[in-house]
Each structure stands twice: as structure tokens, then as C-alpha cells.
Amino acid sequence: MARPDFIRWKLEKTNSCSIVKKITVPVVSLIGGIVFSSVIIAITGNDPVDVCYQIFSGAFGSLYGISETVAKSIPLMLTSLGVSLAFRMKLWNIGGEGQFFMGAFGASWVALKFPELPMGELLMLMLVCGFISGGIWALIAAVPKAFLNINETISTLLLNYIAILWVQYLVFGPWKDPEGKNFPVTATFSQNATLPSFGNTDINAGLFIAFIIAILMFLILKYSKWGYEIKVSGSNKDTAIYAGMNYAKNILIIMFISGGIAGIAGMVEISGTLHRLQQDISPGYGYTAIIIALLSSLNPFCIMIVSLFMGGLFVGGYNLQTSGFSLSTVLMFQGSILLFVLGSEILLKYKLVRKGD
């Protein structure tokens, strides 16, 4: 009896991938996610073309929409750069959300504790404290990974909930503004704790911070000895150890910096946009960052561009709600894109060959 045709084929791991394929596969995955979402929208009785138009026009159809999209993309850029650094070493840091919250917590402590410091000193101290807070939060998962090989995916994910609840405790309890009309927020930060912005828009200096980090990441990972160690360690742990590289030490350093960059995103959000700490400082930046990092193939400059697209989805989602649609429609778009991007990874790492070839 002849075997079915599909049994005659198998997946074989490939050691190389062309630039064209690296670009084409994510783009096709993005289109696939949008088409898949459109089909679901059509099944629910809505017009997918109208939904896509509402999202696009809200995000890019006016100067105000564009400025809001850029502003929304800043924390996405920073958080995505953070998690992508860990991903390069095959460390699945799913804790960007928690590290974002802890960075906001650390920066808020500085802003509330030292409101009279000069602007330059205060902002720099907030930046450093935000970085350290996010980095330490990532280290909590990195230490058991480095020395006990405990899965970092689960630990970083669970740490998200602790960080979010910790911030909620603060804004509902000891840090609650007594003049805040019973809302769970801290006192408004002093003017010195506010990042400079562009005109009357919400676009702040965090955009420059994101660009600087992206450039530094590109240069260090591509041209430094340590960047080479990260590449080798991510490709093959045993090879890295055999070559004399300190694998455990690199795990700790990478995770600390990864969490620290996500922590900077939290600092930028509360200093540049919200100007106080509150419970809902993130609509899911840490989770969206995973989509952006994977869709960008971990390239720092691609992350900047894709973050603009995802920022547009957030802003367009708000516009969609004013038209009577639920925000869950936008979340479905993001989920579909993530599903297709994750599925497309197999096309980059494997090729289909006929058995016996």
C-alpha cells in the first residue's frame, strides 16, 4: 500500500537563513494574522474593511493620531528592546510587564522622595533607579535559571502578577494621594520629575532614549566580544561552555540588562506621560513587546518600526471603541499576529525535505 504523499516529507533543521527569507516570513505572518482576524470579524457580522479603516484612520489619519501613535510606541520600543536582548540568548523573558511595573515603582520612589532635586539630577536618578528595579526583578528568575536550570518562562511570567499587585498595594495604600479624591493614584510628580516633551504632544524624550539603546544594542551585539558570546550561547550552550565562556554569568548579565531596559520603559511612561504612579500604567506593553520582538526577528532597528505599527493598533483601538466596537477586537488582532509569528518561526529554522534525500 502506497504511503500518503505527506508522509514522504520531513522537517530538517537548517543552519542558515537568507536575508530575503528573514524579511519575507515575518511580513507574510503579519498579513496572515490580519487576514485571520478579518475572517473572524466577518463571521461576527461586522465589516472587516470598516474595522481596519477605523483602526488605521484613528492611528495615522491625522496629525493628532500620528503623535499619539508615536507616543504610545515609546514604551513599546523600550520594553521590546529589553525582552529581545534576552531572546537572543534563548532566554524566554516573558516578564517584561512585571519589569515595566517595577521600573515605574523604582522611578516613582525617587520622584516622591526627592521632588526638589534639579531636573537633570532627578531624571537621571529616576532612570537609574528604574533600570535597577527592573533588572533586579529579572534577576529573581535569572538566578535559578543560571544555577538550577529552572525554566525562566514560567518564573518570569508569574513574577508579572506579583509586580502588578505590588504597585496596586502602593497606590491603594501607603502611597495613595490623600488629595486624590479617593482614586488609587500617588501625588502628582513635581515638574522636575517630568520628561521634556515635544510641543503640546505626548511625545517625550523617551524616544531619544529608545534610539540610543537600539544603537548601543546593535553595535555591542554585532561588534563586541561579549556580543559574540551571547550569539554563541544562544545557538549552542554546550559549545559556549566548551569554548570557555561563562554561561551562567552571561545569563545573569543578560537578564539584568533585559529587565533593566523594560524598567526604563516604566520610568519613561510615568515620567513622560502619566506624571504619577497608578494601577493601570500599562495596557499590556510587556506582552505586546513579545510580539514586536519576534516579528522584528530581534533586530533593534526593526523593533523601532514595528513598535510604531503596534502603537497604532493601541491608538486605533481607542478610536474603534468610539465607533461602538470593543477593545477586545484590537486584542484579537494582536493575538492573531502573535499566533502567526510564532508559527512562522518553524519556517525560519527548518526546511521541508523528502525522506531519503
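Quick note: the coordinates plus some simple rules give every number you see, no bench work behind them. Computed from a predicted structure; not experimentally measured. Counting neighbours? That spans all protein chains shown, and the Cβs are built from the backbone with ideal geometry, glycine included.
For the set Lys113/Lys249; Lys22/Lys249; Lys13/Lys90, the pairs lying more than 25 angstrom apart at their alpha carbons are Lys113/Lys249; Lys22/Lys249.
Compute the long axis of helix 63-88 from its Cα atoms, compare it with the longest principal axis of the Cα atoms of the chain, and write down the angle in degrees, 0 to 90, nearest 10. Once rounded, one gets 60 degrees. Counted over all Cα-Cα pairs of region 106-160, pairs farther apart than 18 Å make up 46 percent. Taking Gly259, Gly312, Gly103 in turn, the Gaussian network model of the chain (Cα-Cα springs below 10 Å) assigns the largest fluctuation to Gly312.
Positive end of the dipole of the chain (Cβ unit charges, origin at the Cα centre): among Ala265, Ile213, Val128, the Cα lying farthest that way belongs to Ile213. As a proxy for reagent exposure, ranking Ser233, Ser155 by other Cβ atoms within 10 Å from fewest up yields Ser155, Ser233.
Placing +1 on the Cβ of every Lys and Arg and -1 on the Cβ of every Asp and Glu, with no other charges, gives region 18-350 a dipole of roughly 980 debye about its Cα centre. Among Asn182, Leu157, Val70, which residue has its Cα positioned farthest towards the positive end of the charge dipole of the chain, with +1 placed on the Cβ of Lys and Arg, -1 on the Cβ of Asp and Glu, and the dipole taken about the Cα centre? About the Cα centre, the residue reaching furthest to the positive side is Leu157.
Let a ≥ b ≥ c be the square roots of the eigenvalues of the Cα gyration tensor of the chain; is it rounded (a/c under 1.5), or, if not, prolate (a/b larger than b/c) or oblate? Judged from the Cα gyration tensor, the chain comes out oblate (a/c at least 1.5, b/c at or above a/b).
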